[in-house]
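Report on the following structure.
The values are calculated or read from the model by the stated rules, or taken from the named source; none is laboratory data. Since the structure is predicted, the reported quantities are computational estimates derived from the model, not experimental observations. Cβ: placed from backbone, ideal geometry, glycine included. Neighbour counts: every protein chain shown. In case anyone asks, the SASA skips ligands and DNA or RNA and just uses the protein heavy atoms, side chains included. Shrake-Rupley method; radii C 1.70, N 1.55, O 1.52, S 1.80 Å.
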Amino acid sequence: MDLKGKTVLITGANGGIGGALVNAVLDKGAAKVYAAARTITGVMTLSNRKSDRVVPLRLDITHPASVASAHEICQDVDVLINNAGVNRCTGLLEPTGMTGAEEEMKANFFGTLAMCRAFAPVLASRGGVLVNVCSILGLVNLPANGTYSASKAAVHSLIQGVRGELALRGVRVVGVYPGPVDTRMTAGQDLPKAAAELVAAEIMAGLENGNEDIFPDPMSQEVHGQLVKNAKGVEKAFAASIPAASCAAAADDGAEDPRPAASAQGA
Ligand SMILES: NC(=O)c1ccc[n+]([C@@H]2O[C@H](COP(=O)([O-])OP(=O)(O)OC[C@H]3O[C@@H](n4cnc5c(N)ncnc54)[C@H](OP(=O)(O)O)[C@@H]3O)[C@@H](O)[C@H]2O)c1
């Protein structure tokens, strides 16, 4: 899809990947970008660009009234990018595992599903595109981020399901599966991470090329390649890669721990 002249809605636009996506779609000539965030001030500072094409939108994807309000305001959306997400960095069996799982499912799965349901008619009326930002951890569980991985696996299944339903209505559905990215989600971790700008650029390229699934960084491309060849081997490598407890330090900032992906390269 050529974004020139299109209207794009991006959730989590005050985050690392979301902010980079706002700039990327502006560079591609989008006519209007709804930069959606729970706090509007964050959108204005992080989009890092003064443009009358940016329309800040207050949106919490876990609140039905907030989603309904966004739907009422944004009737001209050609491309919806469901990017908002959280990572509580909890193992499934850790003491905080149940709480972490609930919070991640609420935002990552139910919030994304609510946005898909609200905007499907708008996208269908405009021959639009739906983009959902998942994670490479949606394709293989990392025990240190076990609850997050499970929520992103649910997002992966959601992507497949809505793709089937929306194909009949002329809407293309794109899944994005990043590896570790240098954002607030991975703050303080001295490990290989892709730049958010690279991820945004790869998403733009995937949209232009008509790709259904986008692996936007070297780590995700490597892990996906291994998954295609030997899914069980990758599963075993991830399972053995790191004890859940060693992720506890990262739980304070909700970071996605990228370490096991490195070991999976040898899977
Ligand atoms: N960073 C990585 O290594 C990585 C890897 C794979 C996939 N991803 C995915 O990429 C997406 C963007 O993450 P990021 O790395 O850019 O992290 P980030 O900088 O922490 O951004 C996450 C964004 O999601 C927003 N958000 C969270 N809950 C929300 C809700 N209920 N309603 C609306 N917005 C909400 C946050 O808003 P607040 O500022 O209000 O909290 C923030 O803007 C997420 O879906 C994440 O799972 C990230």
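Val131 falls short on exactly one of the conditions (1) in contact with a Phe, Trp or Tyr (Cβ under 8 Å, 6 or more places away or on another chain); (2) under 24 Å from Ile214 (Cα atoms); (3) not in a helix (DSSP H, G or I), and that condition is (1).
Within the set Pro143, Pro178, the sole residue that is open to solvent by less than 50 Å² (accessible area, probe 1.4 Å) and closer than 23 Å to Val79 by Cα turns out to be Pro178. Would you confirm whether or not segment 66-73 contains a residue that is within 16 Å of the ligand (Cβ to nearest atom) and within 22 Å of Ile136 (Cβ to Cβ)? No, segment 66-73 contains no residue that is within 16 Å of the ligand (Cβ to nearest atom) and within 22 Å of Ile136 (Cβ to Cβ).
Of all residues in segment 182-208, those satisfying the criterion of being touching a residue at least 60 places away in the same chain (Cβ under 8 Å) and in a helix (DSSP H, G or I) are Arg184, Met185, Thr186, Ala196, Glu197, Val199, Ala200, Ala201, Ile203, Met204, Leu207, Glu208. For segment 112-128, a residue qualifies if it is in a loop (DSSP other than H, G, I, E, B) and open to solvent by 40 Å² or more (accessible area, probe 1.4 Å), and the qualifying residues are Arg126, Gly127. Within segment 19-32, the set of residues being in contact with a Ser or Thr (Cβ under 8 Å, 6 or more places away or on another chain) and without any contact (Cβ under 8 Å) to a residue 60 or more places away in the chain comprises Val22, Leu26, Ala30, Ala31, Lys32.
Taking the conditions (1) more than 22 Å from Gly85 (Cβ to Cβ); (2) modelled with pLDDT under 95 in turn, Glu235 satisfies each one other than (2). Summed over segment 68-111, the residues that are open to solvent by 10 Å² or more (accessible area, probe 1.4 Å) and either of a type outside the set (Gly, Ala, Ser) or modelled with pLDDT under 95 (or both) give a count of 22.
Regarding segment 67-76, can at least one residue be identified that is within 13 Å of Ile10 (Cα to Cα), part of a strand (DSSP E or B) and out of contact with any Lys or Arg (no Cβ under 8 Å at 6 or more places or on another chain)? No, every residue in segment 67-76 fails to be within 13 Å of Ile10 (Cα to Cα), part of a strand (DSSP E or B) and out of contact with any Lys or Arg (no Cβ under 8 Å at 6 or more places or on another chain). The requirement of being buried (at least 22 other Cβ atoms within 10 Å of the Cβ) and more than 16 Å from the ligand (Cβ to nearest atom) is fulfilled nowhere in segment 15-27; no residue meets it. When the residues of segment 185-205 are filtered to those that are modelled with pLDDT of 95 or more and surrounded by fewer than 16 Cβ atoms within 10 Å (Cβ to Cβ), the one that is nearest to the ligand (Cβ to nearest atom) is Ala195. Residues considered: Arg58, Arg38. Of these, the only one that is open to solvent by 70 Å² or more (accessible area, probe 1.4 Å), in contact with a Leu (Cβ under 8 Å, 6 or more places away or on another chain) and within 20 Å of Phe109 (Cα to Cα) is Arg38.
Only one of the numbered conditions (1) farther than 24 Å from Leu207 by Cα; (2) more than 10 Å from the ligand (Cβ to nearest atom); (3) modelled with pLDDT of 95 or more is not met by His63, and that is (2). Only one entry in Leu158, Leu166 is away from the ligand (no atom under 11 Å from the Cβ) and over 16 Å from the mean Cα position of the chain (by Cα), namely Leu166. Pairs, please: C-beta under 8 Å, at least 6 apart or cross-chain, first residue without any contact (Cβ under 8 Å) to a residue 12 or more places away in the chain and in segment 84-105, second within 16 Å of the ligand (Cβ to nearest atom) and open to solvent by less than 80 Å² (accessible area, probe 1.4 Å)? Correct list of pairs: Thr99/Thr90.
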